[in-house]
Amino acid sequence: MISFGFWNLIIVIVVALVLKNNWRLDGEKAAWKNSLFLKSSVSQRLIQFFRQPIVNLLVQAAVVLVVIRFLCYTGWLVYFLNQPHPPLWDFQWYYVASKLAHQHLSPFNVEIFNQTFCTITKVCGFIPPFVYPPNIIPLIWFLGYFSINTAFKISIVMHIFAIGLALWGANILLESKSPALRTICTISVALIYGLVRDFQVGNIAIFIAVLILWMFILARKHQDILAGICLGLALCKPTLAALFILYFLLKRRFSLVFVSVVTVTSLVFLGLALTGNSLTQFLLDAARGFSLWQNDPSVSPYISISRLDLMVVGPRLFPNNPFFAKLLSDIIVLILLGLAGWYWYLQQSFTAWSKKIYLAEMVIVSCLSIGINYSQETSSVMLIPAVVFLLNDLLYQIRHCTFSKRRMSVWLAGICCLAVQTAVIHGWLIGSLAKRWNVKAGELPYIMKVTIFALPSYAILGITLSILVLAISSLRQKQVLKFEPLNRVSI
């Protein structure tokens, strides 16, 4: 995994020293001193196991190697993407759309987009059409001023900046000032596959995730104007952000929704003006482009191995029966929406229908956004709040509750499902296995479709269910603690 040359050895030493200096619990030690959670027999056996010198050394070595592997891969990726002819993938769509807008032409017209795409990128044939809404045009307008390679280098810098904002935002939401837990949070967030995959292909999912993350941080501080602007900008990819409009309407944060609607409406009409489009013509072009886009192998729920939303579960299990395929996917989605609605009702009932924003609610909406709508590997960056929620939930259990095997099993299930959304599954397992078959021709064996290649979708389902169970059970715990502060709670 790592070539232990002189410079690599220096990197290992530096990373080890940085982690060692930040591997401190500080104030958490005092808070956990009388923890009934940590005094349970299971916790004590686990603590004794990890305190063994050889186990402790192996854990530290594994953490150091994981961090170094991530840093080395990121460094290699930056170098690789700065070569004269780097792979541009998704970025090419944004660049071509921006170039067309500069010529006052519509990227939503299939023929115009295909012809220009072939001219600029030299990639011709069937090109999936540009299916983003017009409000994205003002946001990518600046790309058209540069050559494609220069614009991509600017995109790389912006992605690195966005990743930094994502890690910073996650640490703000973490309910602990402990350097050790902040380090664990940062490493865990960085391991989400979409974080690097988005960087690699030049998608905009990381920017949407960051806007939503900081929208939530600002909304909790009642800075609704700034939060509304963030949400309005994020709606350039509505599959990831649209559910938050409904959420804030239910929370009666009307000023935030109003600002976001004004922002997105302004961007829509500006985008239409820049591309020389009328709203009617855009709708006609978009409808035609969307029907063609659905024929692309990377989009088809029956063929695609990159999709991780739940709408592909039914088609993979029943490839020859569209009715049962759609019915199963719809039932799964309805169950999740029902549980989310039940949690929201309980939460609001306990808090007297408060306008306050809670992390669990935001995490559930984020999970539903990538679970019930079309989403691919890059969209897993929306799981950043889920990492923070699971860490915060563990902290709450340690501080206030007794150990519960049932609850910890649900928590561990959520952690395992999050682990599926890392490069171990997406890149090393699915990516390497996919090379053995002609995926675009639909030659994958049925058993592979419904097992290994469906793991990301099953993981999204598992993460959402585990967070819903933990969130609902936490409401009961907090109610008991509210009225019986001297007793510890178990569930």
request  = Please give the direction-averaged projected area of the C-alpha convex hull for the range 58-180, in square nanometres with one decimal.
outcome  = 10.6 nm²
ask   = Which one of PRO133, PHE91, THR402 is farthest out on the positive end of the charge dipole of the chain, using unit charges on Cβ (Lys, Arg +1; Asp, Glu -1) and the Cα centre as origin?
value = THR402
Label-to-label distance, nm, for residues given as GLN60 and LEU9 (7 Å Cα→Cβ offset) = 1.9 nm
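Of all the accessible heavy-atom surface of the range 347-491, with the other protein chains kept in place and a 1.4 Å probe, what percent is carbon and sulfur?
Answer for the range 347-491 is 64 percent, counting heavy atoms of protein chains only.
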inquiry  = On C-alpha positions alone, give me the angle between the axis of helix 224-234 and the longest principal axis of the chain, in degrees, nearest 10.
reply    = 50 degrees
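Roughly how many debye, to the nearest 20, is the charge dipole of the range 181-303 about its Cα centre, given +1 on each Lys and Arg Cβ, -1 on each Asp and Glu Cβ, and no other charges? Present the calculation step by step, with values, prior to reporting the outcome.
Working: 9 positive and 4 negative charges, 103 e Å.
The dipole of the range 181-303 has a size of about 500 debye.
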request  = Kindly identify the range 324-396 as rounded, prolate or oblate by the Cα gyration tensor criterion: order the square roots of the eigenvalues as a ≥ b ≥ c, call it rounded if a/c is under 1.5, otherwise compare a/b with b/c, prolate if a/b is larger, else oblate.
outcome  = oblate
task = Give me the aspartates and glutamates in straight-line cross-link reach of LYS355: C-alpha distance below 19 Å, same-chain residues under 8 apart excluded.
result = ASP224
inquiry  = Under a crude label model (7 Å from the Cα following the beta-carbon direction), how far is PHE161 from PHE254 in nanometres?
reply    = 3.7 nm
request  = Compute the label zone of VAL42 within the range 416-456: residues whose backbone N is under 17 Å from the point 7 Å along Cα-to-Cβ.
outcome  = 416-417
request  = Within the range 407-472, list the chymotrypsin sites (Phe, Trp or Tyr not before Pro) lying in a DSSP loop whose Cβ has at most 15 other Cβ atoms in a 10 Å radius.
outcome  = TRP437
remark   = Heads up, the range 85-132 by the C-alpha gyration tensor (a ≥ b ≥ c square roots of eigenvalues; a/c under 1.5 rounded, else a/b over b/c prolate, else oblate) looks prolate
ask   = In Å², what does the accessible area per residue of the chain work out to with a 1.4 Å probe?
value = 47 Å²
task = Give the cysteines in the chain for which no other Cys Cβ lies under 4.7 Å away, or write none if there are none.
result = CYS72, CYS185, CYS230, CYS236, CYS367, CYS401, CYS416, CYS417
inquiry  = Solvent-accessible area of LEU165, probe 1.4 Å, all protein chains present, reported in Å² to the nearest ten, please.
reply    = 40 Å²
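Assign unit charges at the C-beta atoms only (+1 for Lys and Arg, -1 for Asp and Glu), then state the dipole size of the chain relative to its Cα centre in Debye, rounded to the nearest 20.
Values: 38 positive and 16 negative charges, 324 e Å.
Dipole magnitude for the chain comes out near 1560 debye.
Pull out the extension gain between LEU317 and PHE290, defined as 0.36 nm times the separation in residues minus the alpha carbon to alpha carbon distance; nm, one decimal. Kindly include the intermediate steps, with their values, before the conclusion.
Working: separation 27, 0.36 × 27 = 9.72 nm, distance 2.50 nm.
Full-extension gain reported as 7.2 nm.
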task = Calculate the radius of gyration of the Cα atoms of the range 22-124 to one decimal place, then report Dmax, the largest Cα-Cα distance, as a whole number, both in Å.
result = 26.8, 70
query = Taking the Cα atoms only, what angle lies between the long axis of helix 322-350 and the longest principal axis of the chain, rounded to 10 degrees?
reply = 50 degrees
inquiry  = 7 Å from Cα along Cα→Cβ at both LEU334 and THR451: what's the point-to-point distance in nm?
reply    = 3.1 nm
key: Tilt relative to the chain, helix 110-121 - C-alpha long axis, 0 to 90 degrees, to 10   = 80 degrees
query = Which value in deg cm²/dmol, rounded to the nearest 500, describes the helix-derived mean residue ellipticity at 222 nm for the chain, given -39,500 (n - 2.57) per DSSP H run of n ≥ 4 and division by the residue count?
reply = -22000 deg cm²/dmol
note = Taking protein heavy atoms only, a 1.4 Å probe, and rounding to whole percent, the accessible area of the range 80-142 owed to carbon and sulfur comes out at 62 percent
query = Between ALA180, GLY276, PHE248, whose Cα lies farthest towards the positive end of the dipole of the chain when Lys and Arg beta carbons carry +1 and Asp and Glu beta carbons carry -1, centred on the Cα centre?
reply = ALA180
note = Quick calc, TRP353 & LEU283: beta-carbon distance into FRET formula, R0 35 Å, rounding 0.05, result 0.40
key: Å³ per residue enclosed by the Cα convex hull of the chain   = 164 Å³
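The values are calculated or read from the model by the stated rules, or taken from the named source; none is laboratory data. Since we're looking at a predicted model, the values are computed, not measured. Heads up, the Cβs are rebuilt from the backbone with ideal geometry, glycines too, and the neighbour counts pull from every protein chain shown. In case anyone asks, the SASA skips ligands and DNA or RNA and just uses the protein heavy atoms, side chains included. Shrake-Rupley method; radii C 1.70, N 1.55, O 1.52, S 1.80 Å.
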